[in-house]
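So the structure is just underneath, and the comments pick up after that.
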Amino acid sequence: MRYTGASARRAELVRRLTADGYVSSAGLALELGVSEMTIRRDLRQLDLDGIARRVTGGASLPAGGGEPFDQRDRASTGEKRSIAAACAELLADATTLALDAGTTVAPLAGLVAKGATVVTHSLPVISTCAARDDVELVALGGTYQWDTRSFTGPATEAGLASLSVDAAVLSATAVDSSGLLCANALDASIKQRMADVAVTTILLVDHRKIGARAPIRFGRLDLVDVVVTDSAVTADQQRLLRSGGARLVVAP
């Protein structure tokens, strides 16, 4: 179907964005029978309206479809610190680590063992590791996203593709029976690539996110080998986390 009317076309863009969390300008132009320039104009207007946020090659949900990093970082700080500390104990023998851009993962940057190599696309993790003289930092470049304070896109994924790490440490916006969820399609792709290059994949998630919802699934529950959560986790939540076969660690 050719979408020549702007209102109908933009309604279709919103429908796809809501369903998928991310839309590609080139793909939409081909599928909707219009020029890529027309799609870019539509996405620019949706960005101005606060419905979408333009990113390299298309658009994602505004502010990643979730709260900005600093706002998320201030939430549940006690749980995040305890989860990071428990994870650091698990990583005592790991020499190469990939850390994602989640606020639950960020505190881990100051706790990783001396001599470790840290691979990351997270600006807060980069800043923490750059201030340490006892770890090696591999900073992944790409297109900067202010809402996640991280670098994403093809350049970031290409940097990951050539690496191999002992452990990837990931976060999630939500976890339910369908799998691991986040609010940003570009970030989801980085999480998947990190898991691909890791021997062991660890998920850090506080109890408030278990059973919650987010628009983009980046993996099934069996994507991760270990889940670390906080002591407020319920019995039902523990069963959910274990249902994919992962080892569950409850931080004190």
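Kindly indicate whether ALA185 is without any contact (Cβ under 8 Å) to a residue 40 or more places away in the chain and assigned by TED's automatic domain parsing to the domain that holds LEU99. No.
Just one of (1) at pLDDT 95 or above; (2) on the phi > 0 side of the Ramachandran plot fails for GLY142. It is (1).
Each row is one residue, and each column tells you yes or no for (1) small (Gly, Ala, Ser); (2) outside the structural domain of PRO154 (by TED's automatic domain parsing); (3) at pLDDT 85 or above; (4) closer than 30 Å to ARG15 by Cα.
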position	(1), (2), (3), (4)
GLN45	no, yes, yes, yes
GLY50	yes, yes, no, yes
LYS80	no, no, yes, no
ALA113	yes, no, yes, no
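Scanning the stretch 153-186 for residues that are buried (at least 17 other Cβ atoms within 10 Å of the Cβ), closer than 20 Å to SER24 by Cβ and modelled with pLDDT under 90 gives GLY153, CYS182, ALA183, ASN184, ALA185, LEU186. Taking the stretch 139-149 as the range and being free of Cβ contacts under 8 Å to residues at least 60 places away in the same chain and in a strand (DSSP E or B) as the test, the residues that pass are ALA139, TYR144.
Going by the conditions given, is GLY211 in contact with a helix residue (DSSP H, G or I) (Cβ under 8 Å, 6 or more places away or on another chain) and free of Cβ contacts under 8 Å to residues at least 24 places away in the same chain? The answer is no for GLY211.
Considering the stretch 187-217, the residues that are part of a loop (DSSP other than H, G, I, E, B) and not β-branched (Val, Ile, Thr) include one that is surrounded by the fewest Cβ atoms within 10 Å (Cβ to Cβ), namely ARG213.
Scanning for something surrounded by 18 or more Cβ atoms within 10 Å (Cβ to Cβ), at pLDDT 95 or above and more than 22 Å from THR229 (Cβ to Cβ), does the stretch 84-102 turn up at least one residue? Looking through the stretch 84-102, at least one residue is surrounded by 18 or more Cβ atoms within 10 Å (Cβ to Cβ), at pLDDT 95 or above and more than 22 Å from THR229 (Cβ to Cβ).
Filter the stretch 194-248 down to the residues that are of a type in the set (A, V, I, L, M) and over 20 Å from the mean Cα position of the chain (by Cα) and list them by number.
At the first step, the residues of the stretch 194-248 found to be of a type in the set (A, V, I, L, M) are 194-195, 197-199, 202-205, 210, 212, 214, 216, 221, 223-224, 226-228, 232-233, 235, 240-241, 246, 248.
ALA232, VAL233, ALA235, LEU240, LEU248 - these are the residues of the stretch 194-248 that are of a type in the set (A, V, I, L, M) and over 20 Å from the mean Cα position of the chain (by Cα).
Going by what's in this entry, would VAL118 be described as touching a helix residue (DSSP H, G or I) at 6+ places or on another chain (Cβ under 6 Å), in a strand (DSSP E or B) and surrounded by 19 or more Cβ atoms within 10 Å (Cβ to Cβ)? For VAL118, the condition - touching a helix residue (DSSP H, G or I) at 6+ places or on another chain (Cβ under 6 Å), in a strand (DSSP E or B) and surrounded by 19 or more Cβ atoms within 10 Å (Cβ to Cβ) - is met.
The values are calculated or read from the model by the stated rules, or taken from the named source; none is laboratory data. Treat the numbers as computed from the prediction; the structure is a model and nothing was measured. Note: ideal-geometry Cβ built from the backbone for every residue, glycine included; neighbour counts use all protein chains shown.
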